[in-house]
Amino acid sequence: MTPALLFDLDGTMILSDDLHAEVFIAMFAERGREIDAAFYTDSIQGRLNADIFGGFFPGEDADRLADEKEARFRARLGDDAAPVAGLPALLDRAREAGWALGVVINAPRDNVEAMLGATRLARRFDAIVVAEDLPRGKPDPLPYLTGLERLGADPARALAFEDSRSGVASAAAAGLATIGLRSSLGHDALVLAGASDSIADFTDPGLSPWLDRLTEETT
């Protein structure tokens, strides 16, 4: 099977977590609950919006709040954003090598289109798995298992890139070697969640041995 790279998006391909945190902080404050960025990282990041709002505000329509939250996020994002350092070069390398490329994310499709459009990466991927595609999201392994299936990839010949505890847990449970991005969590927290290793960004020399392993397996 062709080697594959599978990516989360928020906090992995684009440093968008601050924008998400700002929106959650505002929406919680409007409902009389004060939270901060640390609470976002510990209790919200990487989870499905409907689960978040349903758990914290059971008297409201969780789906409506989820839609409102993402609309606010997209408004803050705008139409121009930089990808994480080294990502375009990595995608170029993978494409030249004939590797499959996928996105696996708990966010809705509108967000994926907005973020990939803002970073000019919209045409780079062979498969995209979004929240509304599946009955269960991360940390369940189903999103990454679906990504592997759509790419025709073997988890033993693939890498996942994630930044959240739930995302790392999902990819690892699907049998993928998972590289954590230290965009919001440190190395120890990512490894505790199930990551095989962590990197600061895609220029990190620590990524090379993992990519070399895929290259060796194809020769």
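The values are calculated or read from the model by the stated rules, or taken from the named source; none is laboratory data. Remember, predicted model here, so these are calculated numbers, not experimental data. Cβ placement follows ideal geometry from the backbone for every residue including glycine, while neighbour counts extend to all protein chains displayed. Protein only, heavy atoms only, side chains kept; ligands, DNA and RNA dropped before computing areas. Shrake-Rupley method; radii C 1.70, N 1.55, O 1.52, S 1.80 Å.
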With all protein chains present, how much of the accessible area of the stretch 145-219 (probe radius 1.4 Å) comes from carbon and sulfur, to the nearest whole percent? 52
If each DSSP helix of 4+ residues adds -39,500 (n - 2.57) and the sum is divided by the residues in the chain, what number results at 222 nm, nearest 500 deg cm²/dmol? -13000 deg cm²/dmol
Roughly speaking, to the nearest percent, how much of the stretch 21-109's 1.4 Å accessible area is carbon and sulfur? 49
For the stretch 132-219: rounded, prolate or oblate by the Cα gyration tensor [a/c cutoff 1.5]: oblate
Would you grab the residues whose amide H sits under 5 Å from the one on V103? Only those 5+ places off in sequence or on another chain, please, with H modelled 1.01 Å from N. F7, A127, I128, V129
Let me know the longest stretch in the chain that avoids all GluC sites (Glu not before Pro) found in a DSSP loop with at most 16 other C-beta atoms within 10 Å. 61-219
Whole-Å distance linking the alpha carbon centroid of the stretch 53-102 with that of the stretch 172-219 is 20
With every protein chain present, what is the per residue accessible area of the chain (1.4 Å probe, Å²)? 43
Given contacts defined as C-alpha pairs under 8 Å and at least six residues apart, what's the relative contact order of the chain, whole-number percent? 25
Under 5 Å, built H, 5+ apart or other chain: amide partners of A4: A100, A158, L159
Can you give the convex hull volume per residue for the Cα atoms of the stretch 25-173, as a whole number of Å³? 116
Residues meeting the amide H criterion for S198 (H placed from the backbone, H to H distance under 5 Å, 5 or more places apart or on another chain) are G180
Provide, as a two-decimal number, the C-alpha radius of gyration of the stretch 1-75 over 2.2 N^0.38 Å, N being how many residues it has. 1.23
